[in-house]
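Written out below as structure tokens is the structure these notes cover.
A short reminder: the numbers here are calculations on the coordinates, not readings from a lab. Here the structure is a predicted model, which is why all the values come from computation and not from measurement. Backbone-built Cβ (ideal geometry, glycine too); neighbour counts: all protein chains shown.
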Amino acid sequence: MKQFQYICPTTQQGVLDVINKPGTKIIAGGTNLVDLMKRGVTAPDKLVDINHLPLKSIISTPKGLYIGALALNSAVAEHELVARQYPLLAMALKAGASPQLRNMATVGGNMMQRTRCGYFYDTTMPCNKRAPGSGCGAYEGVNRMHAIFGGSSQCIAVHPSDMCVALAALNAVVIIAGKKGERRLPFTDFHRLPGEHPEMDNHLAANELIVGVEIPNNHFAANSYYLKVRDRQSYAFALVSVAAALDIENGIIRHARLAMGGVAHKPWRLFDAEQALAGKPVSEDSFKQAAQLAMQGAKGYGQNAFKLKLAPATIAEALKHAAGLA
Amino acid sequence: MKKEINLNMPSSSEGMSRIDGRLKVTGAAKYSAEYTVEGLTYGVLVGSTITKGTITAIDTKAAERAPGVIAVITHVNAIKVPGFQSEAGKPSAVRAQLKVFDDNKIVYNGQPVAVVIANTYERALYGASLVKTQYSKEQHETSLNASIGKGFPPHGDGLYKRGIQDAWKSAPYKVEQEYIVPTDTHNPMELHAIIAKWEADDKVTVWDKTQGVKATQHDIAQLFNIPVDNVQVNSKFVGGAFGSALRTWPHEVVALIAAKMVKRPVKLVLSRADMFTSVGHRPYTWQKIGIGATADGKLTGITHEAYGQTSTFENFTEGPVGVSQGLYACPNVNTKYNLVALNIGTPTWMRGPGEATGAFALESALDELSYLLKIDPIELRLRNYAETDPESGKPFSSKFLNEAYQMGADHIGWAERKPEPGTLKKDGLLVGYGIGCGMFGAYRSGATIKAKMTADGILLLQTAVSDIGPGTGTAMVLIAAEQMGIPAGNIRFENGASDLPQAPTQGGSATTASVGSAVHYACIELKEKFQKLTGNDSPKAIDYAQVLKQHNLPLLEVTTKSTAGDDRDKYAMNSWSVHFVKVLVNAATGVVKIDKVASVADSGHIISPKTARSQVVGGAIGGIGMALMEEAVMDHRYGRYINNNFADYHVAVNADIPQIDAQFVNKPDPYINPMGAKGMAEIALIGMAAAVANAVYNATGKRVRELPITPDKVMA
């Protein structure tokens, strides 16, 4: 087999010192990376195991909630603080993957899983993300699962995470460590659209490490819902998923948050629909109008055209659940 | 001859647990890939990445130089398989199968073009990644829809007719629709695997995943032109197969070629991706049904056409149109069955095989007719109830399907069903009820049992048959316990090896009827031997151990062959099933949740209630998968499957499965065999997909005629 080096630094500095070399990959839970290595999609020369870093904490801060990058998906989903104050995140996590995978997968790893599709996985097929310039197999091919927002002729794959959809909706902030210290990036700016460079899924530089995410305090706990529409009821990627959070006072929506999964190269935040909902009464009509607004700029590619109809239906349905109307 | 059958066994879901259950759940059961053999090497296949054409060059140097690699075998250096060289006098299984490594022709994507043999699996896998193949591509055909004009009848004219041709067209009430069942894959949990060890030039032992050790033995003997008795096939445990291990596949031949060439035993385990291309699948099938009835719901005509996939080198046939010929009393039926030869691996029978495909179409069409006629779907079925076999006119050996309708209707709560679609709601979801029936021939073939009672009072039953999971061993032990009057705990069952007495391949729901009969008669003969010794023919329980001791004998044994009698000529023999499904549908998102299933089998006397229940539950789950999610998706531009893994090819998971209420009519068939038992594996699935589709229609008014019924096809 292909030989690779495997190292386990015990300090953050130790990690930062070694990751900036080509062919180097960070491994945490490995639930995506090991798969990709087995299928020959990626073949790193060096794996940097970061599981020895003290980044597993889940703690309440005056501003909100801090979750370490190495906190397990299952640990976050089951955490009492998350369940009580950020139920949207717990619901999204539990909708993702399978219990076995959630027991291995970390928060940082979940963010770093590849935006991908079947063509990305099959090394005999064209895929600009895996082999830049080879073409996009899905663009005119099997694209039922693919993006309706933000795609390019280079790539229409979707980011498969559920957790990230909730974190995008909750205005989370990614804390990133680099050689020059820490920087903070809004979660919605972490992942990127394919454009001309689908090989890049996000804005994390090669010499940087995710250390955690922060979720600011909010008033959404009572009215949150994560709705995932999929082909089977567990261990299936979303056709469309919606994270909906409402801050409701006397039947009027003060603030709304909406994000979608399964529709774009990144978690897709619906800012326009959120704004449209603010100040509106809680009603199915408000929800349907917002859902329609959310679809501006959506585009089908053939097999996935049904998402143009499914997405607004799912948004309205998720809002109904969040508002307690369903 | 009609037999009186004693029904003194439990008929509830209670009953004896699987005799091998503990071995399976503790990991002690040993599957083919788990054997260790002295000097074992490991093979990994390299599959073609084109779909049709020729190999122009194959560079194996890098692989050969890789650490641990012992050999790289391709069509260039492979030994010639004698069975591939001359076609005369060979059984079709050998004659027509892919002649792997015989030449440079590529006829489907994933076809083995090389095997890398190394001293570890990982090294073989790495070596396989280094084999570089160049091809000259030709235009391939993989889409049945695109090539349907090239359909041809597999035998004769592919036509069947009774009464008037296309009589449905002149009926006052009629439905004509097209239905599609996509490519589904068996994908049992256990990957196909073989260990091949040549004991001498003309003598070989294999540990192989197969549903028929005797059939595999004969195929290997034919392929390598060696005596049948020089081939030993072991398949002690099979981790599911659903039909995929019914025949010999290219990877088995590859392992045999490789082991001969490297002069060491070779283990070859398929990858999950190989499981999509190389060990068969349920063929994509396009169907069209025309069905007509009078205003009071009497069927006047059925026309059923089916076009199924096959490969370019083999004609795979099954029976999708058979259900239309035999399920209902209809005077005028004509059917047509064609194949379309495509650049794919050969399909093979997958649980319920063609009947499951056909029943999806027929039972959907009948449901459509019931709404047109405004007649309850159960009532419509009763008005067309076949009291005798509509095809042959013969009486049925037994049929209690009408009782099954009633049982299932009671269990699902059919009375709650609304005749108008989309009118029943609960908690914001649409509620619907559906019915679908299944029928499958109740077969029985010859089988031999060796039964040996030893002085310790232990009875050993031996036969070659595989046990792929239905609980064969358990049923055989129960039959013997009943006949011998001894506790099941004193009986051992040994199977799954070709040097054991002859038994049929496990398939077509025929094992219990075939092998069970041999057990039954062997036990009677053995008991008679004891009675001769004691001079006592009273039916009183015999203390076998005591008798052997008294006569100073170590053991008494019999070898008994049982074959089907001539009753098969006088009666039409089938098993029947009816499935009732209740669904909850979110109209906005199209998500279908199965809320409840009630499946009733009319399969004669139930010998092993617990494993029988497990069969029905498993069939229902397979049917739910077929109905709602299973589909091997191919990109026809490349001829490759896109979802060839368990994350993307969806089989039903626990979250998709509701309470499944498995019921049995449990009335013995007096003619089929001495136990009165008929097959159950196929009917547990046949009709299920239609029941789900019909329930979805009842809930939503959306008629989905192309499986699987995914949310996009149901949403408002």
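Laid out as a table, the results:
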quantity: Taking N as its residue count, the alpha carbon Rg of region A:223-321 over 2.2 N^0.38 Å; calculated: 1.04
quantity: Normalised contact order of region B:445-563, rounded percent, pairs of Cα under 8 Å and 6 or more residues apart; calculated: 41 percent
quantity: Net lengthening on full extension, residue A:134/residue A:7 (0.36 nm per residue, minus Cα-Cα); calculated: 42.4 nm
quantity: Estimated FRET transfer efficiency when R0 is 51 angstrom, pair residue A:217-residue B:502 (beta carbons, to 0.05); calculated: 0.10
quantity: Prolate/oblate/rounded label for chain B (Cα gyration tensor, a/c 1.5); calculated: oblate
quantity: Total charge dipole magnitude, the protein assembly as shown, about the Cα centre, Cβ charges on Lys, Arg, Asp, Glu only, Debye to nearest 20; calculated: 1320 debye
quantity: Options B:548, B:386, B:413, ranked by Cα towards positive dipole end of chain B, top entry (Cβ charges); calculated: B:548
quantity: Anchor residue B:596: aspartates and glutamates whose Cα lies under 18 Å away (excluding residues fewer than 8 positions away in-chain); calculated: B:410, B:416, B:427, B:656, B:661
quantity: Loop-resident sites, region B:468-555, for trypsin sites (Lys or Arg not before Pro), counting at most 13 other Cβ within 10 Å (DSSP); calculated: B:540
quantity: Dipole in debye (nearest 20) - region A:221-323, about Cα centre, beta carbon charges: Lys, Arg +1; Asp, Glu -1; calculated: 380 debye
quantity: Label-point gap, in nm, between residue A:17 and residue A:80 - each point 7 angstrom along Cα→Cβ; calculated: 4.0 nm
quantity: Theoretical FRET efficiency, 1/(1+(r/R0)^6), r = Cβ-Cβ of residue B:201 and residue B:96, R0 30 Å, to 0.05; calculated: 0.65
quantity: Cleavage-rule hits, chymotrypsin sites (Phe, Trp or Tyr not before Pro), region B:131-179, DSSP coil, Cβ neighbours within 10 Å at most 11; calculated: none
quantity: Sequence-distant aspartates and glutamates (8 or more away, or on other chains) whose Cα lies within less than 15 Å of residue B:174; calculated: B:166, B:296, B:363, B:367, B:368
quantity: Rel. contact order, % - alpha carbon contacts under 8 angstrom, at least six apart, chain B; calculated: 17 percent
quantity: Exposure proxy ranking, count of Cβ atoms within 10 Å, fewest first, for B:617, A:240; calculated: B:617, A:240
quantity: Given A:266/A:307; A:25/A:46; A:63/A:266; A:129/A:179, the pairs whose alpha carbons are separated by over 18 Å; calculated: A:63/A:266; A:129/A:179
quantity: Lysine pairs in region B:199-300 with Cα atoms under 24 Å, if 8 or more residues apart or on separate chains; calculated: 15
quantity: Built amide H within the under 5 Å cut-off of residue A:65, gap 5+; calculated: A:215, A:217
quantity: Global form of region A:1-129, assessed from the alpha-carbon gyration tensor, a/c cut-off 1.5; calculated: oblate
quantity: Cα gyration tensor shape for region B:109-163, rounded if a/c is under 1.5, else prolate or oblate; calculated: prolate
quantity: Antiparallel %, DSSP beta bridges [both residues in region B:445-563], to 5; calculated: 75 percent
quantity: Antiparallel DSSP beta bridges within chain B, percent to nearest 5; calculated: 75 percent
quantity: Distant-in-sequence amide H partners of residue B:70 (H built 1.01 Å from N, under 5 Å); calculated: B:117, B:118, B:119
quantity: Relative contact order (%) - region B:533-611, alpha-carbon pairs under 8 angstrom, separation at least six; calculated: 21 percent
quantity: Set of region B:219-252 residues, backbone N closer than 20 Å to the point 7 Å along the Cα-Cβ line of residue B:30; calculated: B:231-240
quantity: Cβ-Cβ FRET estimate between residue B:162 and residue B:706, R0 fixed at 35 Å, reported to 0.05; calculated: 0.75
quantity: Sequence of B:228, B:175, B:515 once ranked by neighbouring C-beta atoms within 10 Å, starting from the fewest; calculated: B:228, B:175, B:515
